[in-house]
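The next block holds one structure in the form of structure tokens; read it before the comments.
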Amino acid sequence: MGIGRLIVDSYAWIEFFTGSSKGRIVEKYLFDADEVYTPSIVLAEIAWKYFRENIDISIVKNRLNIISETTIVIYVDKNIAVRVGEAYQDLLENTRRRGLKRKPGIIDAIILAITRYVDGKIVTGDQHFKDLEETIYLA
């Protein structure tokens with residue numbers, strides 16, 4: 001039996017594609033999960049990062065295709081949207097509790113809302129998620 005439903009954020013996908021030690025951990029989780037989800041906003045966030053880094057568009061499209069073909073891409077609908085505010089507040093509290101200076105963004109809140117909506121675990125190295133019960137943190 002796998003780890004259940006896994007949500008993969010931008011941080012985890014980028015580590016996966018670079019083949020780093022954290023990326024190899026992500027790969028293990030991908031194989032162990034019963035279902036793997038990628039929030040649609042993550043596709044945009046990855047494309048934006050690669051654009052800023054001048055990564056060739058064919059590489060970007062290939063990586064987004066891999067994600068889209070191997071995971072369930074989940075979009076924000078009204079059921080998820082109504083959970084974003086509470087998710088943001090929880091992330092903000094976690095940020096304060098951990099003494100982080102940078103506040104979480106709306107994308108983080110959307111990802112957490114989706115994680116909770118599908119009753120899954122998020123694999124990430126984003127500090128805003130560290131110590132939340134839904135998080136598998138890549139240290």
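Restricting attention to the range 31-47, which residues are farther than 16 Å from Asn65 by Cα and either surrounded by 13 or more Cβ atoms within 10 Å (Cβ to Cβ) or of a type outside the set (A, V, I, L, M, F, W, C) (or both)?
Asp32, Ala33, Asp34, Glu35
Output the number of residues of the range 8-62 satisfying the condition of being more than 22 Å from Gly105 (Cβ to Cβ) and of a type outside the set (Val, Ile, Thr).
Final tally of qualifying residues: 19.
I'm trying to understand the selection: among the residues of the range 46-101, which are touching a Phe, Trp or Tyr at 6+ places or on another chain (Cβ under 7 Å), closer than 28 Å to Glu27 by Cβ and either of a type in the set (A, V, I, L, M) or in a helix (DSSP H, G or I) (or both)?
Answer for the range 46-101, where residues must be touching a Phe, Trp or Tyr at 6+ places or on another chain (Cβ under 7 Å), closer than 28 Å to Glu27 by Cβ and either of a type in the set (A, V, I, L, M) or in a helix (DSSP H, G or I) (or both): Ile46, Val60, Arg63, Ile67, Ile72, Ile74, Ile80.
What's the number of the only condition in (1) over 16 Å from Pro39 (Cβ atoms); (2) in contact with a Gly (Cβ under 7 Å, 6 or more places away or on another chain); (3) not hydroxyl-bearing (Ser, Thr, Tyr) that Lys101 fails to meet?
(2) is the only condition that Lys101 fails.
None of the figures in this text is laboratory data; all of them are computed from the coordinates on show. Keep in mind it's a predicted model, so treat the numbers as computed, not measured. Positions of Cβ are generated from backbone atoms using ideal geometry, with glycine treated the same way; all protein chains shown enter the neighbour counts.
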